[in-house]
């Protein structure tokens, strides 16, 4: 279906709600991602299926995390980055009581020295 046809199909006049057809409109959201509610022939609201809403909010959260990671990389310039191999190796060993959250006395990730 072309984009124009899809958009036209997703239009719902607000009068359908006042005519007691709200249940039919909401039933359409089971098969359609979004519906555009028209008031006076202009878009007044967008109804999203729960799955589409979840997808969009997850995408927004992921984008925020991407921006945060990019900013941290820019500000840190990888000065204090820990190589993945070192993190993976540290995760294979249990954290000893004497270490600070998995970091040895030298500040390196991994088991405490002498453990």
Once label points are set 7 Å from the Cα along Cα→Cβ at both residue 46 and residue 19, what is their separation, rounded to one decimal in nm? 2.6 nm
Under a crude label model (7 Å from the Cα following the beta-carbon direction), how far is residue 91 from residue 29 in nanometres? 3.7 nm
Taking R0 as 22 Å, what's the FRET efficiency between residue 59 and residue 80 from their Cβ-Cβ distance, rounded to 0.05? 0.15
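How big is the Rg/Rh ratio for segment 3-49, C-alpha atoms only, Rh by Kirkwood, two decimals?
Details: Rg = 10.1 Å, Rh = 10.7 Å.
On the Cα set of segment 3-49, Rg over Rh gives 0.94.
Coordinate-derived values only; no laboratory data. Treat the numbers as computed from the prediction; the structure is a model and nothing was measured. Please note: Cβ atoms are built from the backbone with ideal geometry, for glycine as well, and neighbour counts cover all protein chains shown.
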